[in-house]
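Colleague: Take this structure, written in structure tokens, and hold onto it; I'll ask about it next.
The values are calculated or read from the model by the stated rules, or taken from the named source; none is laboratory data. This structure is a prediction, so every number in the text was calculated from the model and none was measured. To get the accessible areas, we keep the full protein, side chains included, count just its heavy atoms, and leave off ligands, DNA and RNA. Shrake-Rupley method; radii C 1.70, N 1.55, O 1.52, S 1.80 Å.
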Amino acid sequence: ITDLKLPLAGCSCFGTADLPSLLFAVETQREPFPCIKAKCIEIGCFPMEWFYKPLFDVELLRALLVQNLAVEWFSVEDELHLQISFQLPKMSSILRSVLKSLATGLVTVIFG
């Protein structure tokens with residue numbers, strides 16, 4: 001999958017954001033119920049990686065998504081199910097400290 005665009009709602013000045021190209025392996029089965037499985041086997045570079053690279057490990061994010069990103073559609077009787085699974089890395093200490101200082105400032109403003 002290439003040339004994915006994510007519309008940025010509420011902000012017409014940005015329009016859309018480019019998403020990385022994705023390569024999936026697809027598997028189907030009929031028994032015991034109809035099922036289509038798509039597993040990610042390759043992810044291209046994310047846009048603006050240089051910007052958020054200090055906040056978390058982008059290479060680890062790609063590796064985790066390749067290892068764990070899977071989509072499964074299956075039908076049981078008259079029900080259709082969709083299951084999406086993925087894993088994300090922990091936030092870096094820089095991002096944690098920024099969020100902690102923001103939360104501390106917010107608590108100070110609210111409770112004096």
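Colleague: Go through Val26, Val98 and list them by solvent-accessible area, largest first, probe radius 1.4 Å.
Modeller: Values: Val26 105, Val98 65 Å².
Correct descending sequence by accessible area is Val26, Val98.
Colleague: Within straight cross-link reach of Lys5, meaning Cα distance under 14 Å, which aspartates and glutamates are found once same-chain residues fewer than 8 apart are removed?
Modeller: Correct list for Lys5: Asp18.
Colleague: Once ligands and nucleic acids are excluded and a 1.4 Å probe is used, how much of Asp3 is accessible, expressed in Å² to the nearest 10?
Modeller: 130 Å²
Colleague: A further question on this structure: How much accessible area does Lys100 have with a 1.4 Å probe, in Å² rounded to the nearest 10?
Modeller: We get 150 Å² for Lys100.
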